[in-house]
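Report on the following structure.
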Number of protein chains: 4
Amino acid sequence: MSAISFSSVCFSRGHCWNNPKEFGKVRKQQGGKLLVKCSSKSGNPSSQNAVRVGVLGASGYTGSEVLRLLANHPQFGIALMTADRKAGQPISSVFPHLSTRDLPDLIAIKDANFSDVDAVFCCLPHGTTQEIIKGLPKHLKIVDLSADFRLRDISEYEEWYGQPHRAPDLQKEAIYGLTEVLREEIKNARLVANPGCYPTSVQLPLVPLIKASLIEIKNIIIDAKSGVSGAGRSAKENLLFTEVTEGLNSYGVTRHRHVPEIEQGLAEAAGSKVTVSFTPHLIPMSRGMQSTIYVEMAPGVRIEDLYQQLKLSYEDEEFVSVLENGVIPRTHSVKGTNYCLINVFPDRIPGRAIIISVIDNLVKGASGQALQNLNLILGFPENLGLHYLPLF
Amino acid sequence: MSAISFSSVCFSRGHCWNNPKEFGKVRKQQGGKLLVKCSSKSGNPSSQNAVRVGVLGASGYTGSEVLRLLANHPQFGIALMTADRKAGQPISSVFPHLSTRDLPDLIAIKDANFSDVDAVFCCLPHGTTQEIIKGLPKHLKIVDLSADFRLRDISEYEEWYGQPHRAPDLQKEAIYGLTEVLREEIKNARLVANPGCYPTSVQLPLVPLIKASLIEIKNIIIDAKSGVSGAGRSAKENLLFTEVTEGLNSYGVTRHRHVPEIEQGLAEAAGSKVTVSFTPHLIPMSRGMQSTIYVEMAPGVRIEDLYQQLKLSYEDEEFVSVLENGVIPRTHSVKGTNYCLINVFPDRIPGRAIIISVIDNLVKGASGQALQNLNLILGFPENLGLHYLPLF
Amino acid sequence: MSAISFSSVCFSRGHCWNNPKEFGKVRKQQGGKLLVKCSSKSGNPSSQNAVRVGVLGASGYTGSEVLRLLANHPQFGIALMTADRKAGQPISSVFPHLSTRDLPDLIAIKDANFSDVDAVFCCLPHGTTQEIIKGLPKHLKIVDLSADFRLRDISEYEEWYGQPHRAPDLQKEAIYGLTEVLREEIKNARLVANPGCYPTSVQLPLVPLIKASLIEIKNIIIDAKSGVSGAGRSAKENLLFTEVTEGLNSYGVTRHRHVPEIEQGLAEAAGSKVTVSFTPHLIPMSRGMQSTIYVEMAPGVRIEDLYQQLKLSYEDEEFVSVLENGVIPRTHSVKGTNYCLINVFPDRIPGRAIIISVIDNLVKGASGQALQNLNLILGFPENLGLHYLPLF
Amino acid sequence: MSAISFSSVCFSRGHCWNNPKEFGKVRKQQGGKLLVKCSSKSGNPSSQNAVRVGVLGASGYTGSEVLRLLANHPQFGIALMTADRKAGQPISSVFPHLSTRDLPDLIAIKDANFSDVDAVFCCLPHGTTQEIIKGLPKHLKIVDLSADFRLRDISEYEEWYGQPHRAPDLQKEAIYGLTEVLREEIKNARLVANPGCYPTSVQLPLVPLIKASLIEIKNIIIDAKSGVSGAGRSAKENLLFTEVTEGLNSYGVTRHRHVPEIEQGLAEAAGSKVTVSFTPHLIPMSRGMQSTIYVEMAPGVRIEDLYQQLKLSYEDEEFVSVLENGVIPRTHSVKGTNYCLINVFPDRIPGRAIIISVIDNLVKGASGQALQNLNLILGFPENLGLHYLPLF
């Protein structure tokens, strides 16, 4: 055996939580005010090398998921967390599952001091986000998980969200954060509009195929299935356990707000307007998302061509994986991880193909991709803190 | 108040289980040999008016569901139940939830005496059923819930089931039991091939639309979702709770055995060959099935035309219901019942429509429709014993 | 075969929904105002023999469950349904699963005309029920599913519910509706206080054992588990699917409001004060309830004595069943039914026993027992309309 | 901002998977034979500092969970994985969710070469494990997750497992791996018998209270609830989704095999024989375990004494946490993590207390504690690779 000593690798800096002896003491002295290294209970408030991250809207599911993922991030520390309606409370009162960590107490966004913060994840509701981001200091790097900056055409925003856009200048600056597709742009971004979950699961397989002109852009039919966490944490009757379990629900048939985002991305790849059929279904599970996509191949194209193109497009990607021939992607395989698994199958109807892609809606479909993007903006390897295997 | 007396309505015959005083006594004397009135613990062995029903293969899910539905049937009594591997056991050892009823013990099919039996539900596995039905006495009315007599073209059977058909003569005699479509033929049948669950959920909405030439028969895309009970009760690793819960699984992509049955029914409606795209998905719920069907409307046809045609086709039907404009069918609404709920929606892609139909895969998709068919064969109102409201 | 003709049994009266030919027509003429026979879509408004039932608070789970059970009741028809916040809506807007039945529209309770009503199920929240029942006409038979009349000692009500009792005179009149224990009293009741779900599952096994002095009344430890529907249908964050699924929650440790009701029933059996340990747990399932009860046997008593006593106490009961030796009751076995299954097991600790009882919290624990009680009050067999087998 | 450079911390050694540029290349050259750094796809076969770990029985749930946890372990690499019935297959054929990692193919245990292996996790079934561990080379550190070495008294093993112990000498050597209780012994162990899930959840709260003589050792009543993964991955009918979902099952009443292990641990703390009441319940969830424990306090002891003792016992522990006064532990809060959360509550019955403890049965109840123990044996901080926050 050749075990190295404890102190020689990542522990040399003294700020890891791994030393049980220190743990008790630190927990006792610690309030909610210090800069807390996420992956560490002991923390090291004087550490000069961690990125100081703020989480705006920490009491929802995407905010909570950002916190979970930061827990194993070696470079990001949580400087502040906001939740207006829960200001003053510890995070454990909102998410008991976070009680084992020492995290700063929740504060109101108006009380947040961003002078010691380097970057923020903005996990606020659609509609209110634009004003808030407009008011943030300019030194902050921002990854916005709402839909407020995803649509480049602000008239389209107005149409689908029923209100005028309140920060059109910021909209021009915002970069759409589909990492594998727009990596270079994201690296230089200050404000990233993190993609929606459905659009992520749809664009990752379709963009390369459309760019390569392998599929027709008419009659793209997307039958999407999502776990319930995608609907957020608001107490609505139709999201009660008894209303959801042991049943299946289509919703937003033909009018889901993710449609314009999907069509925007596909249109950009195609160089022309694209109209898709998109029907989402709520599945009795917490997490996970599958898009089953029915497409028509361009004349002369065979199923193998689609497969090879996808293989080629993603061969150097860590988080997008085209499975072996014939293997069906399963949501179980990505639960809790940042992966997107894809495969393509021949249809019984000649000339058509079926594409299946799966993601965890809260990770690659939200907080994981957001973290991937912030890594990229800040010059870190984009997979930092995202080395999770699925929890089956 | 004007309550009628206990004895004047359906209790006048003395054979109902409703008399608590009789209940205890009868339970004590009763063995497993008597003709037991399903809806009655007390039974009345000398009753001359009940139809005597046998259930072949009572230890699987469809068999068990037949038993459940018979429990409230005023005219059918259970004469015998077979389960070869469990012969000699009481049904409660196989289905503890049936322990509250006095039912005959399970026997091997070879030991069954059919001379006192009027009709059988055959709930045996595909493949073995043909031989067994071939060997049954000719006086029996038979509703077969397996796939063995569903495909009229026996070469197609051979192709999809990998073995030659062993009862081609019976195949010619068998009537396909899609009640609302083939009611008159079923009334005169001796052997009914009860439809599969997916084919039921697909044909009920599509057959009237195809017959009326309202939709194109090319590019019919069926994205189907089923509860796990559809996969039966065999102990397979991929059906374990831990493998199924909180996940989603596509399976049999392009090669599910229900495809030829669907295409047979649609081709008959169209008068020409039909090839469909069909992708089933396993949903983490016990029961319930939804088919989300994407179709192209014939030139000049509008969404209202589809809706009106379906309304018209099913206006006199009890078990097929076209919902009000805009209301999305939910599997919860049919759980435990024999209903099929349908609605039709405009697609974002001009000229296309989305049809959603839901059933309980074990009821309208199996045992309920089987009972509906036997009612019909025997001259009873077809809804007898099927007055269930859903268990949410 | 000896099938009787359709018209000769319960169909002779012409009011059953079983005639498919009539079905369509009736549905068309029917509004929401008529007296609708529950088990019938066609109904027969002029029928003079049905009991006319009102359901107060039809938009909650127990109200909905009353509606489901009435669907197969041959003697009870629904005359009116109230739901103040949903007044004017059809029931299908509240419970889509009831859309297949023609039921009267929901009305506000203040608009209800009780002159044509014989009996009501009161499914309103605790606290508000007392005033409402106080205001009802005296000719009505009432089964109240709230907790408002369960505690005979109104000071105890005040202590546990935090408000004075507003109808102490009615409290004196009310009969506690634990059917198997208080059958004779219930028969003559005008107002029945229907037991809570936990108290039902606990008292049915314990009352006979305490009456027979077979167990000690000290150190009775009840570890109870319930499906989520027991918490009702209010939109609370902690009842969201994502908060409940795949997890377990103890709640109300030592302070659950069902405690005084349990202790009241056991004290009455014992003839002296009883204090129990009671800890409820929320299980990620919609329905079902199990009480695992740990007791000390009286000196000299053996496990067989407990078993024989329970067998004897319930041998003539239809809905309470003591299982065979060694068989563990399962909630699956009672799902959707009015049964209570019980068994008793030796503990490893000498002199102690473990008792397990299961019910469906919404049926025997609420609406089913309520119907059983109304049957009893009105002189019908108490199992009328309750012949359900479990939906596994 | 003060982000440190990528190479300066744990990345200086060049063997982390974080460099996307290297990732593609390495994946292509890599077969299944190399020593793979778990937290790295790129790996670095020549690395001299990683501990080389073997996983025996990698195709079951505890084996799979060991793999998941190793994924973020900075010092342990997987040298080999065995699964006799699946030998020759890639792990992704057994656990599709592991397909995103490059891991060695499964081999038969007889073909394993242990000369380059430092330590093994033994995840094999009870009964066969003894012989296999007897045959392993003596240089290996072993953490055994089966029950084969947990009972110090081999006659007790014979009684509960129905066969004589086949390695009594090894039994004498084995150290019981309840980390927080036997840390010092574990540090020097070669063979650790990793505790069962139920015994872990019961002993952690009870051992300190018994040692401090705060509770009586008679009448300890344990009502335990477990997720289904605790039953393993064998294809049994009673573990099918349809049999488990929406229901509750007690099992092994009075005869569960974890009883002697629990009693052994409590007896050691008490210094005298202890007999407990133990009833496990299967809950429809994959993971999670709660023990609700009903105890009698010693004379004069108050609930606060229990609370303070537990607080004191675990104040320096990272993975055992006594919650704030009144807060109920929830299985959700530990899902996927190595935590045990505990709290204590007053009972209604004077002199009694209720203790609730929760763990993830597959982590602190199996693979997580196993990793904690191997960290300890090898001189690493015991929390290395275990920094997970729960996946709600």
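Every number in this text was worked out from the coordinates using simple rules, so none of it is lab data. This one's a predicted model, so the numbers in the text were calculated from it and none came from an experiment. When we count neighbours, we look across all protein chains shown, and the Cβ atoms used for this are built from the backbone with ideal geometry, even at glycine.
List the residues whose amide H sits under 5 Å from the amide H of D:Met81, counting only those 5 or more places along or on another chain, with H placed 1.01 Å from N in the peptide plane.
Result for D:Met81 returns D:Val55, D:Ile107.
Other chains' Cβ within 10 Å of A:341-351 residues: what's the mean?
Neighbouring Cβ atoms belonging to other protein chains average 4 per residue here.
Restricting to bridges with both residues inside chain D, how much of the DSSP beta-bridge set is antiparallel, in percent to the nearest 5?
45
Given springs between every Cα pair under 10 Å in a Gaussian network model of chain D, which of D:Val228, D:Val181, D:Val327 has the largest fluctuation?
Maximum fluctuation in the GNM of chain D, among the listed residues, is at D:Val327.
List the distances, in nm to one decimal, from the label point of D:Gly379 to the label points of the same position in every other copy, shortest first, placing each label point 7 Å from Cα along the Cα-to-Cβ direction.
Spacings between copies for this position, smallest first, are 3.7, 9.1, 9.3 nm.
Under 1.5 on a/c is rounded, so check that first for segment C:169-257, then, if it is not, pick prolate when a/b is larger than b/c and oblate when it is not; a ≥ b ≥ c are the square roots of the alpha carbon gyration tensor eigenvalues.
oblate
Round to a whole angstrom and tell me the spacing of the C-alpha centers of segment C:165-187 and segment A:170-240.
When both Cα centres are located, 60 Å separates them.
Would segment D:198-361 count as rounded, prolate or oblate if I go by the C-alpha gyration tensor, calling it rounded below 1.5 in a/c and otherwise prolate when a/b exceeds b/c, oblate otherwise?
prolate
Once R0 is set to 60 Å, what does the formula 1/(1 + (r/R0)^6) return for the Cβ-Cβ distance between B:Phe114 and A:Asp116, expressed as a FRET efficiency to the nearest 0.05?
Calculated value: 0.10.
Just name one of A:Thr279, A:Val301, A:Gln290: the one whose Cα is farthest towards the positive end of the charge dipole of segment A:198-361 (beta-carbon charges, Lys/Arg +1, Asp/Glu -1).
Result: A:Thr279, furthest along the dipole toward the positive end.
Among D:Asn249, D:Leu323, D:Gln203, which residue has its Cα positioned farthest towards the positive end of the charge dipole of segment D:198-361, with +1 placed on the Cβ of Lys and Arg, -1 on the Cβ of Asp and Glu, and the dipole taken about the Cα centre?
D:Asn249
Pick from C:Pro164, C:Pro208, C:Pro104: which residue has the top mean-square fluctuation in a GNM of chain C where Cα pairs under 10 Å get a spring?
Result for chain C, Cα springs under 10 Å: C:Pro164 fluctuates most.
How far, in nm to one decimal, is D:Lys110 from itself in the other copies if the label point is set 7 angstrom along Cα toward Cβ? Shortest first, please.
3.8, 7.6, 8.5
In which sequence would C:His165, B:His332 go, from the one with the fewest C-beta neighbours within 10 Å to the one with the most?
C:His165, B:His332
Suppose R0 equals 56 Å; then what is the FRET efficiency for C:His139 and C:Ser272 from their Cβ-Cβ distance, rounded to the nearest 0.05?
Step by step, r from the Cβ atoms, then E = 0.90.
Could you please rank D:Arg150, A:Arg233, placing first whichever residue has the fewest other Cβ atoms within 10 Å of its Cβ?
Ordered by Cβ neighbours within 10 Å, fewest first: A:Arg233, D:Arg150.
Need one value for A:223-229: mean number of C-beta atoms belonging to other chains within 10 Å of its residues' C-beta atoms.
If you average over the peptide's residues, the count of other-chain Cβ atoms is 5.
Tabulate in residue order the Karplus-calculated ³J(HN,Hα) for segment A:110-123, using 6.51 cos²θ - 1.76 cosθ + 1.60 with θ = phi - 60°, rounded to whole Hz; enter x for Gly and Pro.
Calculated HN-Hα couplings, in order: 5, 9, 6, 9, 8, 5, 9, 10, 9, 8, 10, 9, 9, 10 Hz.
Out of B:Gly88, B:Gly230, B:Gly54, any idea which swings most in a Gaussian network model of chain B, alpha carbons joined below 10 Å?
Of the options given, B:Gly88 has the highest mean-square fluctuation.
Find, among the residues of chain B, the one whose Cβ sits nearest the axis of the rotation taking B to A; state the distance in whole Å.
Checking which Cβ lies nearest the axis yields B:Asp223, 2.
Order of A:Val334, A:Val117 from fewest to most other C-beta atoms within 10 Å?
The order, fewest Cβ neighbours first, is A:Val117, A:Val334.
How far is B:Glu304 from the same spot in each other copy, in nm, shortest first, if each label point sits 7 Å from Cα toward Cβ?
5.2, 7.7, 8.0
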